[in-house]
Amino acid sequence: MVESKHQWKAWLYLSPALVLLAIFTVWPIINSTVSAFREGYNGYIAASTGSIFGGDFPIGFANFKYVASYSKFVDCLKNTVLLCVLTVPLSTVLALLIAVVLNSIKPLRRVFQTIYFLPYVTNSIAIGLVFSSMFNIVGLNPVDINQSVSVGIVNNVIVALGGEAINWMNQGSSYWANMAVMVIYIVWNALPFKILILLGGLQSVNKQYYDAAKVDGTPKWRVLTRITVPMLSPMIAYVVITGFIGGFKEYSSVVGVFGEDMGPAGASGRLNTIVGYVYEAIESQNFGLASAGSLILFAIILAVTIVNLYVSNKKVHY
Amino acid sequence: MAAITMKERNIKQVSKRQKVVNVFATILRYLFLSLVAVAVLFPFYWMIISSLKSYTEYKLSIPTFWPKEVLWGNYSEAFTAGNLGRYFGNTVIVGLISTVLSLVVTVLSAFAFARLEFKGKNIMFAALLATMMIPGELFTITNYITVNAFGWMGSDGLVQGFLSLIFPFLVSVFYIYLLRQNFLQIPNSLYLAAKVDGTSDLKYLWKVMIPLAMPTLVSITILKMMGAWNSYMWPRLVANDEMHKMVTNGLRSVSFLVEGSSTDINYPVQMAAVAIVSAPLFIVFIFFRKYIMKGVSKSGTKG
């Protein structure tokens with residue numbers, strides 16, 4: 001009696017969540033997956049036939065074939081992979097270094113820790129604009145009567161150090177200059193989370209290992225590579241995996257710096273990412289292509305996660 | 001005797017040298033940490049001083065590191081020209097309603113998963129966790145079609161637009177998971193004692209579970225509010241009109257271009273807008289640092 005009463009109650013408690021999840025989570029998983037195989041599924045055409053979820057379109061692999069051979073998508077894929085490969089190792093190593101040094105001091109540790117966390121509590125579009133202002137050349141506009149031109153604070157520093165100003169992101173800038181700006185911004189943005197996790201890990205490492213190393217007179221470098229890194233390996237694996245997942249979903253930081261054109265003036269779309277491609281497809285009502293694109297993204301994330309887990313299972317010392 | 005003092009002196013010398021090395025290392029450490037701190041803080045400093053400059057001063061070829069003339073007017077210009085006031089209001093409405101509703105839904109389902117028994121509980125919970133692997137874009141595509149079918153697009157009306165901003169991403173499996181773990185730590189004997197006393201489930205939940213899980217609930221509240229504040233893509237797709245626009249979408253507004261130009265951005269005004277949007281996040285961070293850092297260390301990626 002009590003059993004069945006409980007059952008009934010449990011479902012009541014769950015019902016709000018289940019209704020919302022059924023409509024906005026479970027249905028999308030089914031529909032988007034099927035839509036990826038609905039050839040030429042377009043919102044406008046679907047609306048005119050009356051079945052807006054695309055039931056009338058033929059099933060096949062045309063969307064995937066189209067997306068895979070579409071140069072714009074391939075470029076998006078290239079940009080995304082490049083951003084991942086450049087930013088994840090860089091931010092992980094930097095964060096590890098910072099965390100180790102931070103862990104070795106006592107006074108002011110909390111202050112530094114708080115400062116380093118600040119980039120996390122920001123709006124990535126908003127601070128992207130700040131980075132764009134730091135790299136952007138402003139005042140070249142011919143309408144401007146006052147001809148004074150700012151090359152941006154980063155270039156000011158480069159010039160002060162004896163270098164030459166670089167066209168980072170204005171019209172005519174190079175792809176690699178654009179990429180450099182993005183890498184700097186993404187690393188700056190990714191550090192707080194990684195430092196937080198790695199420092200947390202360091203503080204839970206048993207002090208006895210370090211005491212033993214001290215007694216043996218082990219050099220600092222060996223302590224780092226032989227004790228700290230192995231003991232931290234679960235956390236390192238964690239920040240690398242989440243870093244790759246986040247990296248493959250990169251989008252809003254590019255919008256922050258370069259705007260919705262996803263590139264400098266005269267080369268719009270040059271820095272577009274997979275997620276950016278999916279959104280473009282949604283906005284042009286090409287739901288079939290959007291679904292195919294996001295399934296490919298899912299497959300990539302799954303593959304990267306599995307590879308990472310496999311590698312870390314072999315390397316991670318628990 | 002003499003040999004011993006020699007040895008002692010040696011040890012003293014070594015420890016003295018060790019001390020010098022240690023002091024030097026400590027200085028290096030603090031130097032490194034300070035340099036990193038400067039790199040982390042510089043964009044914020046640049047945002048603030050740029051937001052107080054005039055456009056003419058901003059584009060001086062030799063930059064000033066403190067505004068010659070502090071121009072607070074940029075802030076009011078950002079607020080009015082960028083229509084930020086309206087966007088603020090919209091964001092607060094969406095943020096508050098979705099946070100409150102999300103808390104109710106999360107508490108009820110986390111309670112069911114932690115304390116109640118029903119068929120298929122474990123399988124269902126595992127299935128829910130599995131959905132966390134799937135990238136959000138997959139949901140976005142169909143949800144976009146669904147809200148369109150519901151007549152919830154921003155162009156369908158004021159209330160409808162808000163519905164689509166609030167409901168589709170209301171339930172977070174991650175928050176249910178987080179709260180369930182917290183609920184599970186509360187000893188079951190409390191629950192059984194309450195049952196014996198004839199306390200209803202709802203009353204027990206309200207009087208015992210919720211107060212005990214307060215830190216987790218605060219973390220969820222803050223992360224959800226920050227999520228609303230930073231949301232960009234979904235609002236842009238479904239309700240990107242003046243009536244519904246949220247702050248983040250307003251930031252790249254055309255109003256911040258320099259008069260007579262289509263490419264040159266009036267950075268001082270835009271930086272003022274950026275500072276206005278960033279300020280609430282910092283204020284929340286100052287007061288709830290502990291909760292945010294705790295929630296974040298469990299959540300993995302940026303919401």
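When Cβ neighbours within 10 Å are restricted to other protein chains, what is their mean count per residue of peptide B:267-275?
4
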Practice task
State the extension gain, in nm to one decimal, for the chain segment bounded by A:Y44 and A:S104, taking 0.36 nm per residue of separation less the distance between their alpha-carbons.
Solution key: 15.5 nm
Completion exercise
With every protein chain kept in place and a 1.4 Å probe, the residues B:K290, A:K78 fall, from largest accessible area down, as B:K290, A:K78
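Pairs of Cα atoms under 8 Å, at least six residues apart: use those to get the relative contact order of segment B:175-247, whole percent.
30 percent
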Completion exercise
Of every Cα-Cα pair in segment A:204-314, the percentage lying beyond 25 Å is 48 percent
Fill in the blank from the handout: Taking a ≥ b ≥ c as the square roots of the Cα gyration tensor eigenvalues, with a/c under 1.5 meaning rounded and otherwise prolate when a/b beats b/c or oblate if not, segment A:69-132 comes out oblate
Problem - Number of partner chain Cβ atoms within 10 Å, mean per residue of B:29-40 - result: 5
Fill in the blank from the handout: For segment B:191-208, Karplus-derived ³J(HN,Hα) couplings (6.51, -1.76, 1.60; θ = phi - 60°; whole Hz; x for glycine and proline) come out as 5, 5, 4, 5, 4, 4, 6, x, 6, 6, 4, 5, 5, 4, 4, 6, 8, 10
Problem - Magnitude of the charge dipole, segment B:85-250, Cβ model with Lys/Arg +1 and Asp/Glu -1, debye to 20 - result: 380 debye
Handout entry: segment A:70-283 - charge dipole about Cα centre, Lys and Arg +1 at Cβ, Asp and Glu -1, debye rounded to 20
Key = 1120 debye
Handout entry: Calculated over the protein assembly as shown: convex hull of Cα atoms, volume per residue (Å³)
Key = 208 Å³
Practice task
Heavy atoms only, probe 1.4 Å: what % of the accessible area of the protein assembly as shown goes to carbon and sulfur, would you let me know?
Solution key: 68 percent
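Give the relative contact order (percent, whole number) for chain B; include only Cα pairs under 8 Å separated by 6+ residues.
This gives 28 percent for chain B.
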Exercise for the section: Decide, for chain A, between rounded, prolate and oblate: order the square roots of the alpha carbon gyration tensor eigenvalues as a ≥ b ≥ c, take rounded if a/c falls under 1.5, and otherwise choose prolate if a/b is larger than b/c, else oblate. Expected result: oblate
Completion exercise
Of the candidates A:V278, B:L103, B:H244, the farthest towards the positive dipole end of the protein assembly as shown (Lys/Arg Cβ +1, Asp/Glu Cβ -1, centred on the Cα centre) is B:L103
Handout entry: Sequence-separation-based contact order of segment B:85-250, relative, with Cα cut under 8 Å and 6+ spacing, percent
Key = 41 percent
Practice task
Would you look at the GNM of chain A, springs on alpha carbons closer than 10 Å, and say which of A:V88, A:V257, A:V154 moves the most?
Solution key: A:V154
Handout entry: Dipole in debye (nearest 20) - the protein assembly as shown, about Cα centre, beta carbon charges: Lys, Arg +1; Asp, Glu -1
Key = 3280 debye
Practice task
Would you look at the GNM of chain A, springs on alpha carbons closer than 10 Å, and say which of A:L202, A:L271, A:L20 moves the most?
Solution key: A:L20
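Taking only protein heavy atoms into account and a 1.4 Å probe, give the accessible area per residue of segment A:70-283 in Å².
41 Å²
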Exercise for the section: Using a 1.4 Å probe and counting only protein heavy atoms, arrange A:R222, B:R236, B:R29 so the residue with the most accessible area comes first. Expected result: A:R222, B:R29, B:R236
Problem - Residue mean of other protein chain beta carbons inside 10 Å, A:155-163 - result: 1
Problem - Rounded, prolate or oblate (a/c below 1.5 giving rounded, otherwise prolate when a/b exceeds b/c) for chain B by Cα gyration tensor - result: oblate
Practice task
Work out the charge dipole of the protein assembly as shown with +1 on the Cβ of Lys and Arg and -1 on the Cβ of Asp and Glu about the Cα centre, then indicate which of B:F256, B:L158, B:L138 is farthest towards its positive end.
Solution key: B:L138
Handout entry: Most positive-pole-ward Cα, B:M293, A:G163, A:L118, against dipole of the protein assembly as shown from beta carbon charges
Key = B:M293
Practice task
Could you rank the peptides B:86-96, A:50-60 by their average count of other C-beta atoms within 10 Å per residue, with the highest value first?
Solution key: B:86-96, A:50-60
Fill in the blank from the handout: Going residue by residue through segment B:98-115, the Karplus relation 6.51 cos²θ - 1.76 cosθ + 1.60 with θ = phi - 60° gives ³J(HN,Hα) values, rounded to whole Hz and with x marking Gly or Pro, of 5, 5, 4, 4, 5, 4, 4, 4, 5, 4, 4, 6, 5, 5, 4, 6, 8, 10
Exercise for the section: Quick one: of A:K207/B:K298; A:K106/A:K220; A:K78/A:K194; B:K16/B:K290, which pairs are farther than 30 Å apart, Cα to Cα? Expected result: B:K16/B:K290
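The values are calculated or read from the model by the stated rules, or taken from the named source; none is laboratory data. Source: prediction; values computed, not measured. Reconstructed Cβ throughout: ideal geometry from the backbone, glycine too, with neighbour counts over all protein chains shown. The area values use the complete protein model at the heavy-atom level, side chains included, leaving out ligands, DNA and RNA. Shrake-Rupley method; radii C 1.70, N 1.55, O 1.52, S 1.80 Å.
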